[in-house]
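Take a look at the structure set out below.
None of the figures in this text is laboratory data; all of them are computed from the coordinates on show. As the structure is a prediction and not an experimental result, all values here were calculated from the model. Don't worry about glycine lacking a Cβ; one is built from the backbone with ideal geometry, like all the others, and counts go over all protein chains shown.
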Amino acid sequence: MPPHDLSPPLTSADRLLTDLERHGFAVLGADSVCALAGVSLPALRALEPSWNELPPDLYLKDGGRYRRRRHASLQVRADGVQTMPHRAHWQPVSYNALHGGMQRWFDPMQAEVLAQPAWQALMQWLGSVASQAQGGATWFTEAHQFRIDTTDGIGRPTPEGAHRDGVDWVAVFLIGRHGIKGGETRVFDVDSPRGQRFTLNEPWSLLLLNDHRVIHETTPIQPLGEGTAWRDTLVITLRADSFLDEPQSLSVAA
């Protein structure tokens, strides 16, 4: 780890729920993720080649070419994980000032990834954590595979800036960093100036956020040397009761 990177404030596995309640977020190392989710690190790392097959994000309003992604929608219950028909990703402008208010039809995640036992176990565990912290629910879950690269010299993981996602829980897994500097994670209280900054470096380490209590962002990345460099993440959002969808206009009779 470069000396100027701040190490994340890791939570021990047995204190996850306590720290979520106390701080509104928690950071787990990969070993803790694996222990709590009941998966092996090699099984998770076997998912990583799919990040090499992400198509470009065609919806970037800043004109950038630095983001590739895929998207999936799922319902997560105590008794299992169900993949839902492919649907648009939508956020209101109040949560995403840059890309809110538009239906974004990203390419779907690959079926073979969604079918992997490690993937299913990871989703089931996240739903369990959300239910323990908030109460039992059907979790309307969206999954986003991201690759942010330095094609344009700089890549922006969160071009919308510090934000909430309009859900209940947000899980950000660091999948890998390749030849970059930057990409610092920043988490701030919604209603106070308190915050923390750190850099996720370990593959399959996790930042888990209560979206009602904190806002978050990641700083831009730049290459350390010649050639394109990149940062891969998996972002999972969980929302009780329904997906975050565009409100339907009410028909008015003539």
Spatial extent of the chain: Rg and Dmax, with the Cα atoms as the point set, Å: 17.7, 67
Percent breakdown of C-alpha pair distances by 5 Å bin, ordered from the shortest bin, for segment 1-113: 2, 9, 11, 13, 17, 20, 19, 9, 1, 0
Whole-angstrom gap from segment 39-81 to segment 111-139, using each part's C-alpha centre: 15 Å
Order of Val129, Val93 - criterion: other Cβ atoms within 10 Å of each residue's Cβ, fewest first: Val93, Val129
For segment 162-174, Karplus couplings with θ = phi - 60° (6.51, -1.76, 1.60), whole Hz, Gly/Pro x: 5, 7, 9, 9, x, 10, 9, 9, 10, 10, 10, 9, 7
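In nm, what is the difference between 0.36 nm times the number of residues separating Arg87 and Tyr59 and their Cα-Cα distance?
Working: separation 28, 0.36 × 28 = 10.08 nm, distance 1.53 nm.
The span from Arg87 to Tyr59 would gain 8.5 nm if fully extended.
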Environment charge of Ala30, counting only residues whose C-beta is closer than 13 Å and scoring Lys/Arg +1, Asp/Glu -1: -2
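Which of Asp168, Asp14 comes first, and how do the rest follow, when ranked by fewest Cβ neighbours within 10 Å?
Working: Asp168 20, Asp14 10.
Neighbour counts put them in this order, fewest first: Asp14, Asp168.
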Debye, to nearest 20: dipole size of the chain, +1 on Lys, Arg Cβ, -1 on Asp, Glu Cβ: 240 debye
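Using helices alone, what [θ] at 222 nm do you get for the chain, with -39,500 (n - 2.57) per DSSP H run of 4 or more residues, divided over all residues and rounded to the nearest 500? Please list the in-between numbers first.
Details: 5 runs with 43 residues, N = 254.
Counting only the DSSP helices, I get -4500 deg cm²/dmol.
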Inter-site label distance for Asp5 and Thr228 at 7 Å from Cα along Cβ, in nm: 2.2 nm
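Fully extended, how many nm does the chain gain between Arg186 and Ala240 (0.36 nm per residue separation, minus their Cα-Cα distance)? Can you show the working numbers first?
Numbers: separation 54, 0.36 × 54 = 19.44 nm, distance 2.52 nm.
Roughly 16.9 nm would be gained on extension.
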